[in-house]
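Colleague: A single structure is presented below for examination.
Nothing in this text is a laboratory measurement; each read-out follows from the coordinates by a stated rule. Here the structure is a predicted model, which is why all the values come from computation and not from measurement. As a convention, Cβ positions derive from the backbone with ideal geometry for all residues, glycine included, and neighbour counts pool all protein chains shown.
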Amino acid sequence: MGEIVKKSRAKQPGLIVVDRAVEGPYQNYITPENRVPEEAVLVPWESCLTGGKDGWSWREIREYKTSRQVIHTLIDIVSKGGNLLLNIGPDPTGKFDEEAYTLLDEVGQWMDVNGEAIYKTRPIAPYKDGKVALTQNKETKVVYATYMGDKNETHIPSKVWLSSLFPSDNATISMLGTKGDLKWEKVGNGCAIDIPESLQNQQVCKHAWVLKISSVQK
């Protein structure tokens, strides 16, 4: 491994290497295989997961995960400081199944609306607050509170509670994919955010909705 890494980095100095969770000089990040850690991991890491329910390679008889499962998994991983590697296995001719394209398209539609809560973000304590996952833009310090709905929730509820995140006094809160600011009030060590019926009915995305908080108290 050492010889390979040395020769490779001579051509690409920025190359990162993973030695399959073996501690040492070639473990630039860790890879919990086919699982997501229960708690935040504050070193570089990546979960390697399958898009299908029955393994890494293509199956003639197959079943894919739902877009809700993949979107929620992505949110969970990023809020804990990780990266998602999502496997899609091609068939013997090198093509993806239609189910795979449908899955990826639905995830892509969600990302089109909410990608800024995923890209360029870092975890922020307490990482999770009930159904809400938290991330923060590493440059602007904007905080994103992503409400992950249950299977029967087709839209964000009329009120979202955050028990341990305190917006700054002059903070503005909005929902990605919509216009205008939301009303909110401090409650205990957190806040309650009101979602008007007009925004609930807009259906800007499915499965999870992102509240953008301009600033929070440290």
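Colleague: What's the extension gain from residue 122 to residue 181 if we count 0.36 nm per residue and subtract their Cα-Cα distance?
Modeller: This chain segment gains 18.9 nm when fully extended.
Colleague: Could you work out the local net charge near residue 68, counting Lys and Arg as +1, Asp and Glu as -1, over the other residues with Cβ closer than 15 Å to its Cβ?
Modeller: On the way: positive: 53, 65, 131, 151, 206; negative: 63, 76, 99, 105, 106, 150, 153.
For residues surrounding residue 68, the net value is -2.
Colleague: Could you go through the stretch 199-210 in sequence order and give the Karplus-derived ³J(HN,Hα) for each residue, using 6.51 cos²θ - 1.76 cosθ + 1.60 with θ = phi - 60°, rounded to whole Hz, and x for Gly and Pro?
Modeller: Each residue of the stretch 199-210 in turn: 6, 4, 8, 6, 6, 5, 6, 10, 6, 7, 10, 10 Hz.
Colleague: Take the residue pairs 159/212; 128/212; 120/183 and return only those whose Cα atoms are more than 21 Å apart. Write out the running numbers ahead of the final one.
Modeller: Numbers: 159/212 15 Å; 128/212 15 Å; 120/183 27 Å.
Those over the limit are 120/183.
Colleague: Starting at the first residue of the stretch 60-67, write each ³J(HN,Hα) from the Karplus equation 6.51 cos²θ - 1.76 cosθ + 1.60 with θ = phi - 60°, in whole Hz, x for Gly and Pro.
Modeller: Couplings: 5, 9, 9, 9, 9, 5, 7, 5 Hz.
Colleague: Reachable aspartates and glutamates from residue 7, Cα under 18 Å, same-chain residues fewer than 8 places away excluded?
Modeller: 19
Colleague: Distance in nm between label sites at residue 33 and residue 60, each 7 Å beyond Cα in the beta-carbon direction?
Modeller: The two pseudo-label positions are separated by 2.8 nm.
Colleague: Need one number: the % of Cα-Cα pairs in the chain sitting beyond the 26 Å mark.
Modeller: For the chain, the share of Cα pairs beyond 26 Å comes to 45 percent.
Colleague: Mind listing the long-range amide H neighbours of residue 40? Cut-off is under 5 Å, sequence gap 5 or more, other chains count too, H placed in the peptide plane at 1.01 Å from N.
Modeller: Here the answer is none, since no amide H 5 or more places off falls under 5 Å of that of residue 40.
Colleague: Let me ask something else. Whole Å is fine, so just give me how far the alpha carbon centre of the stretch 33-82 lies from that of the stretch 152-210.
Modeller: When both Cα centres are located, 26 Å separates them.
Colleague: Here's a follow-up. Out of all Cα-Cα pairs in the stretch 121-213, roughly what percent, to the nearest whole number, are more than 23 Å apart? All intermediate terms of the calculation are to be shown ahead of the outcome.
Modeller: Details: 729 of 4278 pairs.
Tail of the P(r) past 23 Å holds 17 percent of the pairs.
Colleague: Right, another one. Under 9 Å from the Cβ of residue 54, count the other residues' Cβ atoms, weight Lys and Arg +1, Asp and Glu -1, and hand me the total.
Modeller: Result for the neighbourhood of residue 54: +2.
Colleague: Give me the number: length gained by fully extending residue 140 to residue 12, i.e. 0.36 nm times residue separation minus the C-alpha to C-alpha distance, one decimal in nm.
Modeller: Extra length available between residue 140 and residue 12 comes to 43.1 nm.
Colleague: So what J values fall out for the stretch 109-114 if you push phi through Karplus, 6.51 cos²θ - 1.76 cosθ + 1.60 with θ = phi - 60°, rounded to Hz, Gly and Pro as x?
Modeller: Computed from phi, the couplings for the stretch 109-114 are 5, 5, 5, 4, 8, 10 Hz.
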